[in-house]
Amino acid sequence: MLKQHVLEDIQKLQSICQQEEKIELKLNFDMLRSRKQNEVHDFFYYENNQLVGFIGLYGFGNTVEMCGMVDPSYRRKKIFSKLFSQALHMCKKREYTEILLNAPGDSISGREFLKKIPCSFTFSEYQMKWVKKELEDDNPFVTLRSSLLDTDMKMEMQVDMECFGMSLTEAAAYYEQMKTEEQQNHFIVEYNSQAVGKLRVSYDKSEAWIYGFGILPSYQKLGIGKAALKQVVLQQHQLGYDVFLEVEAKNKRALQLYETCGFDSYHVQDYYVYSL
C-alpha cells in the first residue's frame, strides 16, 4: 500500500498538470490506495523532495494500462522517458500481452510523447457525469444487492468473460484484484430473483464511480440494464455523491443508455496500444 504522503504527492502533481493543460488525468486512485506491499506498480521521480514525475501501472488480467505525468516546470529533461523505460521493463517482466497507454484527449504533451514511441490509437473513452434528472424506479423485477464473496464469484467472472471478453484466467485474476481494493461496493443485478449481471461503485471523496457494469448477453435488451442503472444512480445520489462512469466511444448502445438516464460527457481519454 502506498503511504499517505506519497498519495498526497501524486494528487498535488496531478492538480498542477491538470491546471496547466486543462485536462483530466485518469490515475485510478482506488487502485493506488490498494497497492500490495512488495509489488512494484508505480514509478516516481523526485527533485528536492518534490515529486515532479510519476507513472502508474494498472493491470487487468493480461492487459496493463499505463498513465503518467511530469510537472510542466520540469519537462524536456527526459524525466518521463526515464520513467517510461522503467515501467515498460516491468510490463515485459510480468509478461503482459497488451500494454495500453492512456492520455487525456486534449493533452498536447501526451500526444507529443506518443508520436515518439511505437504505438497506435485503439479507442476513446468518455468520462460522464450524471446531471440531476427525474428518474423513476419503475421495474420491480430488477433489484440490486451486495455481492457475497463466495457465492457470487462465479457470476461476476461469467459477466467479465461474456461481456468484456476476458478468458477464465483473466477473469479470476481480475476478480481477486478488485476484491482487495478499498472504498468500493460490489453489487449483483437480479431479474426475477435470478443473478444476471454485476457492477461496482468506487468512491473518491464526494464522487461515486460506476465500473464493470455488465448484464449477461442472454438477458440483454429486456430493460434490465436501464433499471439497474437507475437504481444505483438514485441510491448514490441519495447518499450525497456525484455520480460518474466511463464508456468506450464506440459502444453506442451503452452511450445512448447513459445519456437517456441523464449522463453527460465532459472528458475524453484516448488509449494507444504499445507495439511489443
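The values are calculated or read from the model by the stated rules, or taken from the named source; none is laboratory data. Fair warning: this is a prediction, and the values are worked out from it, not measured in the lab. Cβ sites come from the backbone with ideal geometry, for glycine too, and all protein chains shown count toward neighbours. Keep in mind that these areas ignore ligands, DNA and RNA; they rest on the heavy atoms of the full protein, side chains included. Shrake-Rupley method; radii C 1.70, N 1.55, O 1.52, S 1.80 Å.
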Just give me the residues in segment 1-27 being free of Cβ contacts under 8 Å to residues at least 12 places away in the same chain and over 19 Å from the mean Cα position of the chain (by Cα), in sequence order. K3, Q4, H5, E8, Q19
Hey, does segment 142-163 have a residue that's touching a residue at least 60 places away in the same chain (Cβ under 8 Å) and loosely packed, with under 14 Cβ neighbours inside 10 Å? no
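On the given criteria, is K133 more than 23 Å from S193 (Cβ to Cβ), open to solvent by 30 Å² or more (accessible area, probe 1.4 Å) and in contact (Cβ under 8 Å) with a residue 60 or more places away in the chain? Steps first, answer last, please.
Details: more than 23 Å from S193 (Cβ to Cβ): yes; open to solvent by 30 Å² or more (accessible area, probe 1.4 Å): yes; in contact (Cβ under 8 Å) with a residue 60 or more places away in the chain: yes.
The answer is yes for K133.
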S120 is checked against (1) open to solvent by less than 100 Å² (accessible area, probe 1.4 Å); (2) within 29 Å of Y191 (Cα to Cα); (3) in contact (Cβ under 8 Å) with a residue 24 or more places away in the chain; (4) not charged (D, E, K, R) and fails just one. What number does that condition carry? (2)
Read through the list (1) open to solvent by less than 60 Å² (accessible area, probe 1.4 Å); (2) under 30 Å from K116 (Cα atoms); (3) under 16 Å from the mean Cα position of the chain (by Cα); (4) of a type outside the set (A, V, I, L, M), then give the number of the only condition that F244 fails. (2)
Would you be able to say whether some residue in segment 77-92 is within 26 Å of E207 (Cα to Cα), in contact with a Gly (Cβ under 6 Å, 6 or more places away or on another chain), open to solvent by less than 80 Å² (accessible area, probe 1.4 Å) and in contact (Cβ under 8 Å) with a residue 40 or more places away in the chain? no
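If you scan segment 126-141, which residues turn out to be among the polar types (S, T, N, Q) and within 15 Å of A227 (Cα to Cα)?
The first filter runs over segment 126-141 and keeps only residues among the polar types (S, T, N, Q), leaving 127, 139.
N139, the sole residue that qualifies.
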Those residues of segment 50-70 which are modelled with pLDDT under 95 and among the polar types (S, T, N, Q) amount to N62, T63
Spot the failing condition for F164; the list is (1) in contact with a strand residue (DSSP E or B) (Cβ under 6 Å, 6 or more places away or on another chain); (2) closer than 27 Å to H237 by Cβ, and only one is missed. (1)
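Only residues that are over 30 Å from E24 (Cα atoms), of a type outside the set (D, E, K, R) and outside any helix (DSSP H, G or I): list them for segment 110-160, please.
Selection gives N139, P140, F141, V142, T143, L144, S146, S147, L148, L149, T151.
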Tell me, please, whether a residue that is touching a helix residue (DSSP H, G or I) at 6+ places or on another chain (Cβ under 6 Å) and farther than 17 Å from D137 by Cβ can be found in segment 239-246. no
In segment 34-74, residue farthest from E207 (Cα to Cα) [restricted to those that are crowded, with 17+ Cβ neighbours inside 10 Å and of a type in the set (D, E, K, R)]: D71
Residue under question is N28, and the condition is that it be at pLDDT below 95, under 24 Å from Y274 (Cα atoms) and not β-branched (V, I, T); does it hold? yes
Segment 81-97, subset at pLDDT below 95 and in contact with a strand residue (DSSP E or B) (Cβ under 8 Å, 6 or more places away or on another chain), residue farthest from I23 (Cα to Cα): R94
In segment 191-230, residues that are open to solvent by 40 Å² or more (accessible area, probe 1.4 Å), on the phi > 0 side of the Ramachandran plot and under 21 Å from the mean Cα position of the chain (by Cα) total 1
